[in-house]
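Below you'll find the structure, written out as structure tokens, and then a few comments.
The values are calculated or read from the model by the stated rules, or taken from the named source; none is laboratory data. All figures in this text were calculated on a predicted structure; none of them were measured in a lab. Reconstructed Cβ throughout: ideal geometry from the backbone, glycine too, with neighbour counts over all protein chains shown.
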Amino acid sequence: MLPVDKPAGPTSFAVIRAVRRILGLRAAGHAGTLDPMASGLLVVCVGPATRLTDLLMAGAKTYRATVRLGVETDTDDAAGHPVAEAPIPALTRALVEAALSSFVGEIMQVPPAYSAITRGGQPLYRKARRGAEVRLEARPVTVHRIEILGLGEDGFDIEVECGKGTYIRALARDLGLRLGTRGHLASLRRTRCSGFGLEDAIRLEDLERASPLEAAFRLIPPVDALPWLPRLMLGSDDLERVRHGRAVDARRLHPEGATVLLVSPAGTLAAVAAAAGGRLRPRRVFPS
């Protein structure tokens, strides 16, 4: 994995292209898209680590966001066109914190029309750009916490820790409605993603000036990812079984279907396994 600090402006795919070019690798993906206007942590997976992107995306993410009130846009952020306006109430910390608290926990959220969600094999933002009507149903997402960082006359700054599939743009829109006005996302920066923080990341401008060797030194091995998952150190005999796709004894109880990382005696990731019947069955085997 290569955590990159993306500036506002480039797309997530532009970062992927830069990583591919510098490292000379074709296989590369990321663990969670950042919109062009957003900045912050983009975890890029290269080589065999691309097989971990779904597990990485399941981890919690932390954002710092500015919510601007009084105007709602078609994209739910500052890049869109205004579609509705409303007066802004007198904002107090107590009023805003009460609104924020109603969005903590498992909530139902309608994603933005301009989103990368696919329907009929096509991202919805392409349909929205053509002027086609896009209707989305609310879906459950999890917001672990929201803290207010600053308060102004026309908006506020917040820090949000949330689970997979949560749109901060939609949260800004819905917060505006909860406060009796309209709202949109004015700025967004992701500070943590999938167990990594900005302190682990290389700035995109520094990456683009780096040599292939310098960039390679910044790579984080797959075994150091997914720190929230349990792991089992394998002996040489079990390692051989795993490499042939055979199950090994779990050694301790895991919930049925739980994901466990299997680590070789050399300390590398040997496989991602699922617990079943007191054994760990490899689902993805990695080269030594």
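Counting only strands (runs of 3 or more DSSP E) that sit completely within segment 138-233, zero hold 3 or more residues that are of a type in the set (Phe, Trp, Tyr) and under 30 Å from Leu69 (Cα atoms). Scanning segment 8-52 for residues that are polar (S, T, N, Q) and either under 26 Å from Ser211 (Cβ atoms) or more than 14 Å from the chain's Cα centre (by Cα) (or both) yields Thr11, Ser12, Ser39, Thr50. The set of residues in segment 57-92 being touching a Ser or Thr at 6+ places or on another chain (Cβ under 8 Å) and buried (at least 22 other Cβ atoms within 10 Å of the Cβ) consists of Lys61, Tyr63, Ala65, Leu69. Applying a threshold of 8 Å to beta carbon distances and a minimum spacing of six or more residues, or different chains, the list of pairs starting in segment 250-278 at a residue that is basic (Lys, Arg) and ending at one that is in a strand (DSSP E or B) reads Arg251/Leu232.
For segment 146-153, the criterion of being charged (D, E, K, R), out of contact with any Asp or Glu (no Cβ under 7 Å at 6 or more places or on another chain) and free of Cβ contacts under 8 Å to residues at least 12 places away in the same chain is met by no residue. One residue stands out in segment 211-225 among those that are over 15 Å from Ala270 (Cα atoms) and under 25 Å from the mean Cα position of the chain (by Cα): the one that is surrounded by the most Cβ atoms within 10 Å (Cβ to Cβ), namely Ala215.
Just one of the numbered conditions (1) more than 24 Å from the chain's Cα centre (by Cα); (2) at pLDDT 95 or above is not true of Ala132: (2).
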